[in-house]
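One structure is given below, encoded as structure tokens.
The values are calculated or read from the model by the stated rules, or taken from the named source; none is laboratory data. This is a predicted model, so every value here is computed, not measured. All Cβ positions, glycine included, derive from the backbone under ideal geometry; neighbour counts span all protein chains shown.
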Amino acid sequence: MSMSNSVNLRVDVGKITLPNPVMTASGTFGYAAEFETLVDLNRLGGIIVKGLSLNPSFGNPPQRIVETACGMLNAIGLQNVGVDAFIRDKLPFLARLTPPVWVNLYGRTIDEYAALAERVDTLDAIAGIEINISCPNVKAGGVAFGVVPSAAAQVVGAVRQRTAKPLMVKLSPNVTDITEIARAVEGAGADSISLINTITGMAIDLNTRKPVLANIVGGLSGPAIKPVALRMVWQVAQVVDVPVIGVGGIMNARDALEFVVAGASAVQVGTANFINPGATIDILDGITAYLNEHKIEAVQDLIGSLSY
């Protein structure tokens, strides 16, 4: 039963108004069509598709995913169909959906990011771009763009020059000061900031004394990272003027609302989709129930309402 008519769930995320604050996290929801039989896609607040590159990528060899005590490690390596196949094969389905759709872009050089942005700029069905700056910069010896403020700003600036679409920038948590990166991307033209991406981790098979992942290290996601994500979202919301989107270990409505109270205008649900494909809708219904129960008329009223 949907009670969403009784409360106002609308939120603004960098020039885009969402019908509600529940979005999908890139890489955990495919190209949305995969969930068509499992979720009423038109009830989502926003859809962010799998990370896209200029050319198709097969990603890393297996094993590339492993369950951990309270989450999972993945080293998929950003496998995707490439921008041409995306436009030809995936976009027509996405174009029929009601919620705003973001493409998540990544490159190995600043030129690749810029070229991708230019390709996507003309696509009417795409509401916005999420830039994944957690990728290794091949020209800087593989250091991720997102861990150096100047490099993060360069990527965002290059993309900003090539597109008029709203830009959401997804931050890496593998840094010393997340607020420094947030300020750098805001200054370079980000319309909103999503955080956090995965935390670098590893798993070892004691029987073989070898890493479980073929890539040795991977990205940790799920409930294990929620306290870190919550802290970083709270910190960033204090120092930027653009909307912040909370990501990291959101499994239920209470988790989602904690991020909103910490300062997030919306949330992205990722790992939860693997455990419960209907997690996004369960979270949406739970948010509605919470607002009704506490007689809060609009979810907007909870954003950044933390008192201390």
Can you find even one residue in region 287-300 that is out of contact with any helix residue (DSSP H, G or I) (no Cβ under 7 Å at 6 or more places or on another chain), surrounded by 23 or more Cβ atoms within 10 Å (Cβ to Cβ) and in a strand (DSSP E or B)? no
Do we have V260 as part of a helix (DSSP H, G or I), modelled with pLDDT of 95 or more and touching a helix residue (DSSP H, G or I) at 6+ places or on another chain (Cβ under 6 Å) here? yes
Being within 21 Å of R108 (Cβ to Cβ) and of a type in the set (A, V, I, L, M, F, W, C) narrows it down to one of A184, A253, A203, so name that one. A184
What number of residues in region 139-152 are among the hydrophobic types (A, V, I, L, M, F, W, C) and crowded, with 23+ Cβ neighbours inside 10 Å? 2
Among the residues of region 263-278, how many are crowded, with 24+ Cβ neighbours inside 10 Å and either modelled with pLDDT under 95 or in contact with a helix residue (DSSP H, G or I) (Cβ under 7 Å, 6 or more places away or on another chain) (or both)? 4
On the basis of being closer than 18 Å to A25 by Cα and surrounded by 18 or more Cβ atoms within 10 Å (Cβ to Cβ), does L97 make the cut? no
So in region 203-237, with the set limited to residues that are loosely packed, with under 13 Cβ neighbours inside 10 Å and not β-branched (V, I, T), which one is nearest to M251 (Cα to Cα)? P227
Determine whether I225 is of a type in the set (V, I, T), under 27 Å from D282 (Cβ atoms), touching a Ser or Thr at 6+ places or on another chain (Cβ under 8 Å) and outside any loop (DSSP other than H, G, I, E, B). yes
Would you confirm whether any residue within region 124-138 is aliphatic (A, V, I, L, M), surrounded by fewer than 23 Cβ atoms within 10 Å (Cβ to Cβ) and modelled with pLDDT under 95? yes
List every residue pair whose Cβ atoms sit under 8 Å apart, with the two residues 6 or more apart in sequence or on different chains, where the first one lies in region 138-153 and is touching a residue at least 40 places away in the same chain (Cβ under 8 Å) and within 13 Å of I178 (Cα to Cα) and the second, anywhere, is of a type outside the set (S, T, N, Q) and part of a loop (DSSP other than H, G, I, E, B). G146/I133; G146/C135; G146/L171; G146/V175
Within region 256-308, can you find the residues that are without any contact (Cβ under 8 Å) to a residue 12 or more places away in the chain and of a type outside the set (D, E, K, R)? N276, H294, S307, Y308
